[in-house]
Amino acid sequence: MKKVKFKKVVIQNFLSVGEEPVVVEFTEGLHLITGRNCDKPERKNAVGKSTIADAVYFSIFGETLRELKKDLIVNNVTGGKTQVEMFVDVETSTKTNSYHIIRTLTPTKVTVYENGVDKTRDSAANTNKYICDTLDASQSLFQNCVIMTVNNAVPFMAKNKVEKRKFIEDIFGLEVFSKMISSLRQDYNDIKKEFDIQNVKLEETDNTFISYQAERDKALAKKTEKREIYLSRKDSNTKELNDINQKLSELDNSDVLNDFKIKLVELENNLCKVDLKLNELTETNIVTRANLTLKKDKYNLIGTEQPTCPVCLRSIDEHDKSVFESEKKQLKYELSELATLLKENITKIETAKGIKQKVKNTIDQKTREYNYVLSKIQSKGNLLSRQSQLLQWQTELEEDLVLLNKDTTDFDDILQETQQRRDDLTVKVGEITKQMRKLDIVKFIVSEEGVKSYIVNKLLELLNSKLFYYLQKLQSNSVCTFNEYFEEEIVNEKGKVCSYFNFSGAERKSIDLACLFAFSDIRRMQGGVSYNIAMYDELFDSSFDDKGIELITDILKERVDSLQECAIVISHRKESTKAVTGEIIFLEKLNGITRRVDYSDF
């Protein structure tokens, strides 16, 4: 158990205390803080007695019990530097350390020394935490177990459920469960957040995988469809190739075309010869016709009755007539010859024309035959060209079919990568799920229904028995018990369940004191920490009657004797001095300044 022994507090320029320090030493016994107000002799309040409790609280937490603003804490008369010093020893099973805490305002500063070594942290907040951790102190604990300020603090039973629960957990040392729950909740929230993130990623990856899978299936279906088309095209090409091969095999590959060319040239030459002959005959025919015409004209002129020669125009005699007859005979003979020649020539022309027509007909026939053969030869070229093209297509189709026969697509690598990411995320989500399940189990263990419930039930027996003990010592007409949810049940002397506020002021004060004493005992028994001081502000000045004061005094003396405690009662009642077993801390207020003076009967 850690024992915190407050040794001394030194107060200066704090609230009503002025430049002259007020020093209070915390020794074993039942002590009294009282005094007089010289500024208002008729009044017993406003002396500055509660300032001692505020100073103790301020030295540890940097705040007052009354939660005053810092500019209201500084003494408004002296205006000097506010300073509260606390000297305290912390004793553990292995060693004892002495601490000196100095807290000031204007400027605001806190300093702490451990065995004379400065342990002040880098900030006031961190130094405050260091002090609270060292003393195992909390504001709630001090307000309900160490310093009970009747008029300024809210009694435990008047606090709300959350405040009550938190305080009792602190008393029982169960704050570790709250810390664990808080830490677990934070861890759980962090893991849950990570789970949600990874799960969303997994869902997105699943959707992406399904989408890629669908695209791959479409690609495979297109491949199958294309494969069928290519196979059909290949079969069609094969059939056409067979037809081409058949046609090529039927074509004559001899030099028929050259023979036709030679024959046509020969025929063309013959045609030319016939044309020449025909032209020659035609010219001969023309000459013959001309001669015949001339001869006829001449013949017709010879032997006419004209008196003159038609040629020389001289007169014709008998001799001339004989000559004319002879010449006429000759002309007649010549005309006959020319007519025969012309007739023969016409016959020859007709024959030549017939021969020409035959030659032309032969040329036309041979030309047709030549063109037919040429078309066949050209057809063979086209067939060969088509054959070459089909063979190339067949090769390309074979290559494409090799690829189409493979069950691979452009999506395979993406699918593999997505599947790997999917598997990794599934593993990660699985691991996070396991962590969440573990945390759920741990959360249950440290929850109200888990180990904590078992511990609470055991501790509640002790708490309720302590409460019953102190209520009996105070002769209270009520019994107060707490359940496992730290909800109180108060039963009056008639056995009826009542609210805390159903009772009178004195009855409520008895319940408050019983809780205070019980909590203090539990805190000490739990082995966490014990404090050597307990301060009761205006305990004797509240609603207790003389019998009540007597019962409280007996309890305080009992605790001082059994716990070696420094119990300090703050009171303005003169008769309170009768209960004192220690010293009387007498304060006097004059001109607005509180100072400590020697005790005098007031």
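Structure above, values below:
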read-out	value
Qualifying residue in the range 184-193 (condition: within 25 Å of T409 (Cβ to Cβ) and not basic (K, R))	no
Residue count for the range 548-574, restricted to those that are modelled with pLDDT under 85 and among the basic types (K, R)	2
Qualifying residue in the range 351-363 (condition: assigned by TED's automatic domain parsing to the domain that holds C272, among the small types (G, A, S) and either over 30 Å from L281 (Cβ atoms) or free of Cβ contacts under 8 Å to residues at least 40 places away in the same chain (or both))	yes
Pairs, first at negative phi and surrounded by fewer than 17 Cβ atoms within 10 Å (Cβ to Cβ) in the range 463-474, second at pLDDT below 90 and in a helix (DSSP H, G or I), C-beta under 8 Å, six or more apart	Y469/A518
Which numbered condition N13 fails, given (1) surrounded by 19 or more Cβ atoms within 10 Å (Cβ to Cβ); (2) under 52 Å from the mean Cα position of the chain (by Cα)	(2)
Listing of strands (runs of 3 or more DSSP E) fully contained in the range 95-169 that carry 3 or more residues being surrounded by fewer than 17 Cβ atoms within 10 Å (Cβ to Cβ) and either free of Cβ contacts under 8 Å to residues at least 24 places away in the same chain or in the same structural domain as S59 (by TED's automatic domain parsing) (or both)	96-105, 109-114
Count of residues meeting criterion [closer than 30 Å to N291 by Cα and touching a Lys or Arg at 6+ places or on another chain (Cβ under 7 Å)] in the range 335-388	4
Scan of the range 405-415 for residues that are assigned to a helix (DSSP H, G or I) and exposed (fewer than 11 other Cβ atoms within 10 Å of the Cβ), ordered by number	D413
1 or more residues of a type outside the set (F, W, Y) and touching a Phe, Trp or Tyr at 6+ places or on another chain (Cβ under 9 Å): qualifying strands (runs of 3 or more DSSP E) within the range 484-553	488-492, 533-537
Residue match in the range 572-592 (condition: assigned by TED's automatic domain parsing to the domain that holds G29, part of a loop (DSSP other than H, G, I, E, B), crowded, with 16+ Cβ neighbours inside 10 Å and polar (S, T, N, Q))	no
Some residue of the range 505-514 being under 23 Å from K5 (Cα atoms), crowded, with 18+ Cβ neighbours inside 10 Å and not assigned by TED's automatic domain parsing to the domain that holds C132	yes
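The values are calculated or read from the model by the stated rules, or taken from the named source; none is laboratory data. Because the structure is predicted, anything quoted here is derived from the model rather than measured. Methodologically, a virtual Cβ is constructed for each residue, glycine included, from the backbone with ideal geometry; neighbour enumeration extends over all protein chains shown.
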